[in-house]
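Undergrad: Handing you this structure, nothing more for now.
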Amino acid sequence: MKKRIGFIRLNDHLIYDLKLEETLRSHFPDYEFDIFTVKHILKRQPFAIIINCLIVFAMYGWDILSGKKEFRSSFWHTPFIFHHIRKTLGGKIKKVNYHFTFQAQSLFDGSIAGLPHFLYTDHTHLANLTYPNFDRRKLFSKSWIELEKEIYRNTDIVFVWSTNIGHSLVDQYNQPGNRVACVNVGSSIKIDDFKPDPRKELTQSILFVGMDWERKGGPDLLRAFNKIINKYPQAQLTIAGSSPMINCPNCKVLGPLPVEQLKSLYEKADVFCMPTLLEPFGIVYLEAMAAGLPIVATRLGAIPDFVRDGWNGWLVEPGDVEGIANAITRLFDNPEQCRLFGSRGAQLVQKYYNWPAVGKNIQKHILDYLG
């Protein structure tokens, strides 16, 4: 009889959860997987949804109306829904049936007492406090944060995408360091699909990919671009993912695009720039690196893990328009540096930031832990 793994996720359409499941299956081929999708379970419990909606407005109603919080996110940050999910999962996952459980993200507690439990996440809630100018009023309730701490206490190993989240767990949540492991993350685009051309002729083409124009630093990049075209009047800025209403020469706004169409944009660009103001990780940087692009990004969150200042890109402080313009201009001034940075970034992704590498790392930690 095969050993079994209980894989717990919030929904069934997040590409990174699907990639994670695929990766776990390939690295634990002798195990059978049972999938527990929290949203599917809750859809069959409308009464609980109604009660939680009422609690959401009681706890966060004013913040939602004033724009400080979104209802969709607030729904998952009440003690009621936290306890309800934990109780419901506890009724479905029996200790005797599973070798261990594995949970994607940290919005709920899928652990079962006495059963090894592992978690993979790109964030903690308190990590928001490390971002410049973060408004503390956007934090969710203290009661929910205390429950979030329970998630980590009940997890045998917390796997994180980046070192800053590992530090957050240790420093802000008092999680023992030997129960935290940084295993990185892979891309939504197969990195083997990219074939960077080191002889490509550079055309001063800048690419921005991000759905949240304001939070991703789009306005700062636009202001920087207006400085860049003074020196490089043929420079081009392509904006994908968001649809800002702008009037700027040499700018092309493409809006949201399917993943498969992004590949050609990366391949045509010379520099990737997303000067984000708040970012749990930023998968698009990895995609751009896989395509052989040098990166201009902000020095915050996970970004310094994979954008090494002066090695495969340039880092600037959040909101530093002059710094963004200077960094991009420096790359345009030095095509050989542009190519060198791009080549280094592609090698970094090939070695560390891909799903096979992530899976191998997770597999080793789990098998060592289980003995």
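A short reminder: the numbers here are calculations on the coordinates, not readings from a lab. No experiment lies behind these values; they were computed from the predicted model shown. Note that each Cβ is placed from the backbone with ideal geometry, even for glycine, and that neighbours are counted across all protein chains shown.
Undergrad: Classify segment 191-352 as rounded, prolate or oblate, taking a ≥ b ≥ c as the square roots of the eigenvalues of its Cα gyration tensor: rounded when a/c is under 1.5, otherwise prolate if a/b is larger than b/c and oblate if not.
TA: rounded
Undergrad: Could I ask something else about it? Under 20 Å from a label point 7 Å along Cα→Cβ of Glu150: give me every residue in segment 88-113 with its amide N that close.
TA: 88-95, 101-113
Undergrad: Separate question: Order 93-101, 81-89 from most to least packed using the mean count of other Cβ atoms within 10 Å.
TA: Peptide ranking by packing, descending: 81-89, 93-101.
Undergrad: Given the pairs Lys43/Lys216; Lys2/Lys364; Lys19/Lys138; Lys95/Lys149; Lys200/Lys263, which span a C-alpha to C-alpha distance of over 25 angstrom in this model?
TA: Lys43/Lys216; Lys19/Lys138
Undergrad: Right, another one. Is it possible to state the helix-based mean residue ellipticity at 222 nm for the chain, with each DSSP H run of 4+ residues giving -39500 (n - 2.57), the sum divided by total residues, to the nearest 500 deg cm²/dmol? What is it?
TA: Rounded to the nearest 500, it is -13500 deg cm²/dmol.
Undergrad: Whole-Hz Karplus ³J(HN,Hα) for segment 175-187, in order, using 6.51 cos²θ - 1.76 cosθ + 1.60 and θ = phi - 60°, x for Gly and Pro?
TA: Residue by residue, segment 175-187 yields 6, x, x, 6, 10, 10, 9, 8, 10, 6, 8, x, 9 Hz.
Undergrad: Applying the Karplus parametrisation 6.51 cos²θ - 1.76 cosθ + 1.60 with θ = phi - 60° to the phi angles of segment 276-291, what ³J(HN,Hα) value in whole Hz is obtained for each residue in order, glycine and proline being reported as x?
TA: Computed from phi, the couplings for segment 276-291 are 4, 9, 7, 7, x, 8, x, 4, 4, 4, 5, 5, 5, 5, 4, 7 Hz.
Undergrad: Packing-wise, with mean Cβ within 10 Å as the measure, how do 25-36, 131-142, 266-277, 217-228 rank, highest first?
TA: 266-277, 217-228, 25-36, 131-142
Undergrad: Tell me, how many Å apart are the Cα centres for segment 23-64 and for segment 161-209?
TA: About 26 Å separates the Cα centre of segment 23-64 from the one of segment 161-209.
Undergrad: Now for a different question. Given contacts defined as C-alpha pairs under 8 Å and at least six residues apart, what's the relative contact order of the chain, whole-number percent?
TA: 14
Undergrad: Kirkwood hydrodynamic radius for the chain: how many Å is it when counted over pairs of different Cα atoms?
TA: Kirkwood hydrodynamic radius for the chain: 22.0 Å.
Undergrad: Where does each of 55-63, 119-127, 245-253 land if you order them by average Cβ count within 10 Å, highest first?
TA: Ranking, from highest mean packing down: 119-127, 55-63, 245-253.
Undergrad: Label segment 118-181 by shape, choosing from rounded, prolate and oblate, from the square roots a ≥ b ≥ c of the eigenvalues of the Cα gyration tensor; if a/c is under 1.5 it is rounded, and otherwise prolate applies when a/b is larger than b/c, oblate when it is not.
TA: Oblate, because a/c is 1.5 or more while a/b does not exceed b/c.
Undergrad: Please identify the cysteines of the chain that lack any partner cysteine with a Cβ under 4.7 Å from their own Cβ.
TA: Within the chain, the cysteines lacking a partner Cβ under 4.7 Å are Cys53, Cys182, Cys273, Cys338.
Undergrad: Moving on to the next point. Treating only the Cβ atoms of Lys and Arg (+1) and Asp and Glu (-1) as charged, compute the dipole magnitude of the chain about its Cα centre; round to the nearest 20 debye.
TA: Dipole about the Cα centre, nearest 20: 780 debye.
Undergrad: Calculate how steeply helix 142-153 sits against the longest principal axis of the alpha-carbon atoms of the chain, using the helix alpha-carbon long axis, and give the answer as 0 to 90 degrees to the nearest 10.
TA: With both axes taken from Cα atoms, the answer is about 80 degrees.
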